[in-house]
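The values are calculated or read from the model by the stated rules, or taken from the named source; none is laboratory data. From a predicted model like this one, the values you see are computed outputs, not experimental measurements. Neighbour counts run over all protein chains shown; Cβ positions are idealised from the backbone, glycine included.
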Amino acid sequence: MAALVRRHDHDRFQTALFAPSRYREALFALYAFNYEVARVRETVSEPMLGQIRLQWWRESIAAAYDDGPLRRHIVVEPLTAAIREHRLTRAHFERLIDAREGDLEEASFASLAALEDYAEATSARLVYLALESLGVRDPAAERAGFHVGIAYALAGLLRAMPYRARIGRTLVPAEIVAAASRHLASARALRASIAHSALPALLPAVVAGRALARLRRAGCDRFDPALAAPDAMQSWRLAIASLRKRY
């Protein structure tokens, strides 16, 4: 699992490394699952095939909770183990898969509220599951996860704007940056009340914060060539944040 996540979701791979070793496999399984459902749209030639694939994932998740026969799959097997060991919340998986089905429709987000709702379903829900995998079931941590998840997703959507057209013409990058920054500030306002054990699930805030800072310096011009370069210092930023017990 670690190799798959490292190759396809390097941000979350790096954040998972700051979790105690006994929790990492569960995090890698979650992030691998997320990669699998997120890429459905890009791997099918028509929406119906995507719906079939996502239904396969719904059935695989259901089997994990209903003690059904275990499907042999590189991601399903460790994910099922994580679900059963850490008693992960089924509704989070279902909401995430439902939101990914919307990707197949190619419809634009008509408002910022719609975009934030999508970000909560596809990103914050993953943070909630990561928190549970770390043994954290604290309301304050979940509230922080809500804001971190949305901020990270909005920053990611901004980075992908040159390649994806789901953000409608009524939404401008500056508005999305401002919204992501508000969510990030709300998450960080909760830091004092959150246990250090929750930190690995919340470290995507560091990635989002850096991305938003770079976007602001570029005047929110997502096509600025300077933004194409990866953050070579990201692993160090995460390490410093972890040492300081901050996100």
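Side notes on the structure shown:
- Scanning segment 1-13 for residues that are surrounded by 16 or more Cβ atoms within 10 Å (Cβ to Cβ), of a type outside the set (F, W, Y) and under 13 Å from the mean Cα position of the chain (by Cα) yields a total of 5.
- Sub-7 Å Cβ pairs linking a first residue in segment 216-245 that is exposed (fewer than 11 other Cβ atoms within 10 Å of the Cβ) to a second residue that is assigned to a loop (DSSP other than H, G, I, E, B), at least 6 apart or interchain, are F223/P162; A226/A218, ordered by first then second residue.
- R39 basic (K, R), closer than 30 Å to A241 by Cβ and surrounded by fewer than 16 Cβ atoms within 10 Å (Cβ to Cβ): yes
- Count - residues of segment 189-237 that are over 21 Å from F146 (Cβ atoms), assigned to a helix (DSSP H, G or I) and among the aliphatic types (A, V, I, L, M): 5
- Of all residues in segment 103-139 being aromatic (F, W, Y) and within 18 Å of the chain's Cα centre (by Cα), the one that is modelled with the highest pLDDT: Y128
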